[in-house]
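Working notes for the structure below.
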Amino acid sequence: MSCSVRWTAVISVAVMLIVVADGRDPVLHRVGGSLGWTYNTVNYTEWSLHQTPPFYVGDWLLFAYDKHQYNVLEVNQTSYEKCNDQGFIKNITKGGKDVFNLTEAKTYYFLSGGGYCYQGMKLSVEVLDYSRLASAPTPPNSSPPRSFGTVITCIILSILLAFIAPLPWAVV
């Protein structure tokens, strides 16, 4: 039994290493950069197109704004294009520093109601599935970016594996 328990532990740690190595840490994107969510100051289309890294499933958007003036609504594409704040999908307005989790690979649409959408307060965000990109074949000499947390986790798990494998695993 000790041999099977040992190999189960070794295989479990190896699987965890593989899963962690292919992952990435979520990124918090502050919408509009230092200017935040306001009108006539940021072209949000340009802002979203130039985000590095791009938006991936699991990332977060931070909307920082004057809660007494603006709001943040998730809408569909038609409402986004027409600046229609009626029949929104979700009102994410809470208190002026609101976060939204990007949970699916799709295009998300946001706007501010009360006419502010017509003054530029609208944002579309194309969200990619990182796990599909990471598993796609890559050209030689290129690798997906590794986050510091992922590298540290791999090192810790490798050290742990080195100590677990030689243990006798005797059942008392």
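Tabulated values for the structure
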read-out: Residue within the range 53-63 that is closer than 23 Å to Gln86 by Cα and either touching a helix residue (DSSP H, G or I) at 6+ places or on another chain (Cβ under 7 Å) or modelled with pLDDT under 95 (or both) present; value: no
read-out: Odd one out for Gly36 among (1) at pLDDT 95 or above; (2) not assigned by TED's automatic domain parsing to the domain that holds Met121; value: (2)
read-out: Hey, Gly87 within 18 Å of Tyr109 (Cα to Cα) and either at pLDDT 95 or above or among the small types (Gly, Ala, Ser) (or both) or not; value: yes
read-out: Residue list for the range 109-130, filter: surrounded by 17 or more Cβ atoms within 10 Å (Cβ to Cβ) and within 13 Å of the chain's Cα centre (by Cα); value: Val125, Val127, Tyr130
read-out: Tally, over the range 73-98, of residues that are out of contact with any Gly (no Cβ under 6 Å at 6 or more places or on another chain) and either surrounded by fewer than 12 Cβ atoms within 10 Å (Cβ to Cβ) or charged (D, E, K, R) (or both); value: 12
read-out: Output for the range 27-46, where each listed residue is within 21 Å of the chain's Cα centre (by Cα), of a type in the set (Phe, Trp, Tyr) and assigned to a loop (DSSP other than H, G, I, E, B); value: Trp37
read-out: The one condition in (1) over 15 Å from Lys122 (Cα atoms); (2) out of contact with any Leu (no Cβ under 8 Å at 6 or more places or on another chain); (3) of a type in the set (Ser, Thr, Tyr) that Thr78 fails to fulfil; value: (1)
read-out: Meets criteria (of a type in the set (Val, Ile, Thr), assigned to a strand (DSSP E or B) and either closer than 22 Å to Asp25 by Cα or modelled with pLDDT under 65 (or both)) for Val99; value: yes
read-out: Selection status of Val75, among the hydrophobic types (A, V, I, L, M, F, W, C) and within 13 Å of Gly113 (Cβ to Cβ); value: yes
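The values are calculated or read from the model by the stated rules, or taken from the named source; none is laboratory data. This is a predicted model, so every value here is computed, not measured. Positions of Cβ are backbone-derived with ideal geometry, glycine not excepted, and every protein chain shown enters the neighbour counts.
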